[in-house]
1. Calculate one ³J(HN,Hα) per residue across region D:170-182 by plugging θ = phi - 60° into the Karplus curve 6.51 cos²θ - 1.76 cosθ + 1.60, and present them in order as whole Hz with x for glycine and proline.
2. Using a Gaussian network for chain D with springs between C-alpha atoms less than 10 Å apart, which of these wobbles most: D:Ser26, D:Ser86, D:Ser43?
3. Measure nothing fancy, just the Cα-based angle from helix A:216-228's long axis to the longest principal axis of chain A, in degrees from 0 to 90, nearest 10.
4. Read phi for every residue in region C:89-105 and hand back ³J(HN,Hα) as whole Hz from Karplus 6.51 cos²θ - 1.76 cosθ + 1.60, θ = phi - 60°, with x for Gly and Pro.
5. With a length cut of 24 Å (Cα positions projected on each helix's long axis) and a Kyte-Doolittle mean of at least -0.5, go through chain B and give me the DSSP H helices that pass.
6. If you rank A:Trp111, D:Trp155 by fewest surrounding Cβ atoms within 10 Å, what's the result?
7. Using θ = phi - 60° and the Karplus relation 6.51 cos²θ - 1.76 cosθ + 1.60, list the HN-Hα couplings for region A:22-31 in order, rounded to whole Hz, with x at every Gly or Pro.
8. Given contacts defined as C-alpha pairs under 8 Å and at least six residues apart, what's the relative contact order of region D:134-260, whole-number percent?
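Every number here is computed from the coordinates shown, using simple stated rules; none is lab data. Quick caveat, the model's predicted, so the values are computed rather than measured. Glycine gets a Cβ as well: all are built from the backbone with ideal geometry, and neighbour counts include every protein chain shown.
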Amino acid sequence: MCSSTNTYVPYSMRLQKITQEAPGVKTFRLEFIDPADAARFSFKTGQFAEYSVFGEGESTFCIASPHTRTGYVECTFRQAGRVTTALSGLEEGDVVGFRGPYGNTFPIDDWKGKNLVFVAGGIALPPMRSVIWSCIDNRADYKNITIVYGAKTVDDLVYKHELDEWEQREDINLHLTVDPGGSTPDWKGRVGFVPTILAEVAPSSENTIAIVCGPPIMIKNTMPVLKQLGFSEEHIFTTLENRMKCGIGKCGRCNIGSTYVCKDGPVFTAAQLAQLPNEF
Amino acid sequence: MEPFEPKIIAFVCNWCTYAGADLAGTSRLKYASNVKIIRFPCTGRIDFMLLQKAFANGADGIIVSGCHPNDCHYTSGNYHARRRWTIYKSLLDFTGIDTSRIAFTWVSAAEGSKWADLVNTTVETIRQLGPYTDMQELIGQSTHEPQ
Amino acid sequence: MPILVKLLQRTSYNSLIEKLLDEFQVYAPVKKGKQVLYERIRAVHDMETDYLLPVLSAKSLVFPPVETLFTFERKKEGVDVLPVAVENLPERVLLGVRPCDARGIAILRQTFAQEPVDAIFEARFNKTILIGLSCATADEACFCGNRAGDTTGSDILLTQVSNGDYLAEIITEKGQRLVERHADLFETPTELPDKAAFVATVRGLDNVENLPALLKAAFDSKVFDQQSLACIGCGTCTYVCPVCSCFDMQDETQGSKGRRVRCWDSCGFSCFTVHTSGHNPRETQGQRWRQRVMHKFSYLPESNHTFGCVGCGRCIRSCPVKLDISQLINQIAHV
Amino acid sequence: MNTLHTLSRQQLELGAQVIIGYTPGSNGTSGTSRPPKPFFAQSPEEVEQLIFDDTCHYNLAVYLTKKEVTALGKRVLFATLPTLRSIIRLAVEHQVNEGDVAVIVRANDTEYALLNTLAEMETFLNGRTPAMSQEDREQLDALLAMNQEERWAFWKEAFETCIRCYACRQACPLCYCATCAATANQPQWIPVAQHALGNTEWHLMRAMHLAGRCITCGQCGEACPMGLPVHLLAFYLAETVQHEYGAASGLTLTETTPMSVYKPEDTTNFIR
């Protein structure tokens, strides 16, 4: 029950399905316990939420499911801290708190009629997955869709069954890679860091939007490649991860300069990032 | 009003006191059921904060017990514990926390009866002292705001 | 700015407090050990009158150090969640509020009242009546810039005049309703004493208007690292500050019952922005000190059109290593 | 006074990166009535602002484990007697190595001396250990004279007033842990929220973690914005450890850490 007055009370959601994506990485599928909440709820791809284990606290993850599919939300997380450890211990049927949706969105309506290039690394595929499926569900609106996704090792790739699905589709060119030394004998994909593979794939920047998500090191090496391929900063989108508690611009924690990542983000263009002071 | 049943938490070492308590059981010795036993590899592993956590979660009395000096399975665990208990007890006395609610003892694996007597006397002492109202007031103050 | 101005005799002030004690929870400056704090009083004589400024600001009444957001109970089939009942929060009157504290609360409210509205803060705010007391004196740490008689944020502002009586400026409806309920204690004198004569003159920061721009220009300068070498990274300056509103959210449990609380947090702490991965956007104390300065003197003026500092000087008085923000700001502005 | 400045300038010329000393306290533009505050002089001009007299007693050893300061390189510290004891203690705990820091001490009311090695600091200290201040002694004895209920009432009110700003921790040269147990949250040993129970557990843990280490400089009590005598918790344990295990800390480079060692023949009167 999410009381409209007290903005800190989360919805109570039932943990419907748990998928083990990779070592220490799980995807939760959550459904509203109260149908009234389900009816009232909607979100846009790119938005995030605060997920609670009552008694342990809250964690910030993006909503990993596409906004084109209603009645449930999904999130993907790695077990790392106090709350994610508690989340990892939950079983199907348990109650998870959900507070959101918060933050701004990927403007996919503005991208209609354009090519899309998704560049993701490791555990940063979830926010991209939400956008990718939201676009695929309206596939006709977009021209070519290219996805370059890499992880440390084959095991670390998340959404493995969906990657296969995207691979079989003709209207998506998927390029999977693992870091050097991360491949297995039967690995058919590429081997190399994401920025190198992106340079090899070299998608045209003509009438194209690039969406990039990954660890800071990957972002630092991917931006020059995109610039080389002719992408302007206004056409490169990313989503930032900052330490957050309230998610609604009150607790004073997630700002970069005067910009609050929770209210003014988490989605930014490279041009906007360039204006921010280097404090992230 | 039925008599006050104190909640006692016992922090005991696995090799001596826990075995002693086991012996009390196998010897059919009767002792009060108010005690909840937490087993540790050694008294050296019993952090002083655990005693405070027991009080903070509603314990009225605490028993801390392990091998007699020179009997420690790990040679020096109880020696470290002895210094730690000495200093922690003086800190608790200094701040006014009621150390008469804490029984520090050594109980060997052969002292089943000592364990049974220890539990019975501790339960009686705490029953006389009554619930630990000072701590419960502190907890009450810290779980919701004064209206 | 005030709706109306009245006179309140010294004796009438005492009888007003007596009456308020019956209707409200009454808080006032109280001497506690070496410090003066805003605390609840049960009788007029509990109230301390010889004080410059309590060590903690009045924000504790609307944004307390620890505050329950909701309680919950874990059960087999799920979790019962119970939001805190804001309607049960007590009606309170705070006496002797210094103008800087009252102004601080008004600034705080801008953050909490922005969408989505913080219902708990609003409830506490609406149930609190602030009866301010102008400052007749100031010390070196004060730098409110001649706002020792500022009415912003107070519902009623008293200024003690020569014979010990009080000039009472009624600012808000809340204040007006209270005065009307006790109209007999307030008089409408023919001519009023000149308030300015009884209010301290206090230094302020120089060239305040273009501080936001000057500080932004100094963002990448080494001055922040240099100034914060002495800073030991405690939370004192933020916790004594009337305008700091950063908070943490924590769960606390007792068996299967528990609550989620909001509690004070500080941008001065090293772990304030650390990611679980260990990455920390503000790794050094210089970056944290810069955040404190920029938020109060550049970001808030930009976003909320108000400075995030009321010049009360508490952080100067309480800082263990005696950092003086009024001096340091001027230094940064001239970098 | 100029020997202080000449000594400091020489050290800068000899390769010290920073002189960590004191400068007169000032608030705003008007007076200098405030106590002296820490000052980092990195150039001859800044050396002019340094002072070191009776009014300077802030324990500068706290900066020896602060990464932003250690990054500056060789440091020269103005050292009061408690600061010297802190450096000896930090050396025993492997936080300060030979050559990391030199100190300028007040040989007497007017002269200053430079001590380069830890051994020189150790010898300078013996025979000069200051006793507890009269005010602290009286307050400690008053507390010891109370019974259990009165002591609980005294400390309960203090722990209710504490706002957990951690100034007591941050002002202490021996509180140098990268992640304090109070900050770690797996498990959450100490409640983050500043209520009376959480504050009680914080101050109990802080005192215990200083037992046998604290050199009784009293900075924790002085840093407390709420004026709480938290230093007495550490002072009492320092006295208790010295009485029980015969060791005052921060006096010799070969001293042990009483709470990390044991003697089989240690005695107690309460373990039955």
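1. So the J values, rounded to whole Hz, are 6, 7, 8, x, 8, 9, 10, 4, 4, 10, 5, 4, 6.
2. Comparing D:Ser26, D:Ser86, D:Ser43 in a Gaussian network model of chain D, the most mobile one is D:Ser26.
3. 40 degrees
4. Once θ is set to phi - 60°, the couplings for region C:89-105 become 5, x, 7, 9, 10, 10, 9, x, 6, 6, x, 5, 5, 4, 5, x, 5 Hz.
5. Details: long enough: B:77-95 (27 Å, -0.89); B:112-129 (26 Å, -0.24).
Helices meeting the criterion: B:112-129.
6. Details: A:Trp111 20, D:Trp155 24.
Arranged by neighbour count, lowest to highest, A:Trp111, D:Trp155 become A:Trp111, D:Trp155.
7. Ordered by residue, 3J(HN,Hα) equals 7, x, x, 10, 10, 10, 9, 10, 10, 10 Hz.
8. This gives 24 percent for region D:134-260.
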